[in-house]
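The values are calculated or read from the model by the stated rules, or taken from the named source; none is laboratory data. On a predicted model such as this, the values are computed, not experimentally measured, just so you know. Methodologically, a virtual Cβ is constructed for each residue, glycine included, from the backbone with ideal geometry; neighbour enumeration extends over all protein chains shown. Heads up: the accessible areas ignore ligands, DNA and RNA and are worked out on the full protein's heavy atoms, side chains in. Shrake-Rupley method; radii C 1.70, N 1.55, O 1.52, S 1.80 Å.
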Amino acid sequence: MSMIEGEKVDAAAGSPITSGKGTEGLFAAIEERGNVNVGFTAAAGLDAFDDILKNLDTQGAIEENMLFLQRQTALDFDDMLAAISGGSQGGTAFGLFENSEEMALNLGFSGFRRGSYDFYKTDWKYLNDASTRGGIDGVNSIEGVLIPAGTSTVYDQILGTNIRRPFLHVRYRASQADDRRMKSWLTGSAGGAFTSTLDAMEVNFLSERCLVTQAANNFVLFKGI
């Protein structure tokens, strides 16, 4: 969750905490450096979605993209696409040759192409589960994320060369002697640990990592009204 929800500290006046501390999660990175769409609904239709595409044209125009959506937003996308097949003159049809009396009616779409872009859609449990984001509604709700697929080229100052990395990836702090991707150790004097006089065993975990949202201007965050 820290990789998704993390935000950098904005220290108050007189606070001993320094501004900029913390980690920039996925949502914060897109709001700061990416694109935010507020109030997307099926009623808005393709016109609203085309506005998103026109904006992506001015950014990086990444051809393949993933849509990780909350339940209602996923249904809105399905309704928007199904409306194209409404049976009106000039409409299109889907599932025409594979339907049968023994097959359940599929009203959902897993992917579609619009203009020069391909989109692959999936539900994101994190946005639906009431114990995480599913219990939040209104202006603070996150209803979906558009994430470009593939890799982009960036200059690595440490290596001193251009490298290719996924648009979204996690970096860990590590050296030849210490790897903090997931470090664990035992302390105490019970259960096989003999490091102190504490009559117990304590399991310690340490991880030092950050999420890299590379070329965030190609990402879109869908938010509620």
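Report whether or not Glu24 is within 15 Å of the chain's Cα centre (by Cα), open to solvent by 40 Å² or more (accessible area, probe 1.4 Å) and modelled with pLDDT of 85 or more.
yes
Considering each of Ala93, Ala61, Ala83 in turn, give the residue that is on the phi > 0 side of the Ramachandran plot and either modelled with pLDDT under 90 or open to solvent by less than 90 Å² (accessible area, probe 1.4 Å) (or both).
Of the residues listed, the single one that is on the phi > 0 side of the Ramachandran plot and either modelled with pLDDT under 90 or open to solvent by less than 90 Å² (accessible area, probe 1.4 Å) (or both) is Ala61.
Only residues that are open to solvent by 80 Å² or more (accessible area, probe 1.4 Å), assigned to a loop (DSSP other than H, G, I, E, B) and aromatic (Phe, Trp, Tyr): list them for the range 186-225, please.
Phe194
Among the residues of the range 38-58, how many are open to solvent by less than 60 Å² (accessible area, probe 1.4 Å) and of a type in the set (D, E, K, R)?
1
Could you tell me whether any residue of the range 194-208 is on the phi < 0 side of the Ramachandran plot and either in contact (Cβ under 8 Å) with a residue 40 or more places away in the chain or in contact with a helix residue (DSSP H, G or I) (Cβ under 7 Å, 6 or more places away or on another chain) (or both)?
No; the residues of the range 194-208 include none that is on the phi < 0 side of the Ramachandran plot and either in contact (Cβ under 8 Å) with a residue 40 or more places away in the chain or in contact with a helix residue (DSSP H, G or I) (Cβ under 7 Å, 6 or more places away or on another chain) (or both).
With the range 136-181 as the region, which strands (runs of 3 or more DSSP E) entirely inside it contain at least 3 residues that are open to solvent by 70 Å² or more (accessible area, probe 1.4 Å) and over 30 Å from Phe119 (Cβ atoms)?
No strands (runs of 3 or more DSSP E) qualify here.
If you take the residues in the range 179-199 that are β-branched (Val, Ile, Thr) and out of contact with any Asp or Glu (no Cβ under 6 Å at 6 or more places or on another chain), which one is nearest to Cys210 (Cα to Cα)?
Thr195
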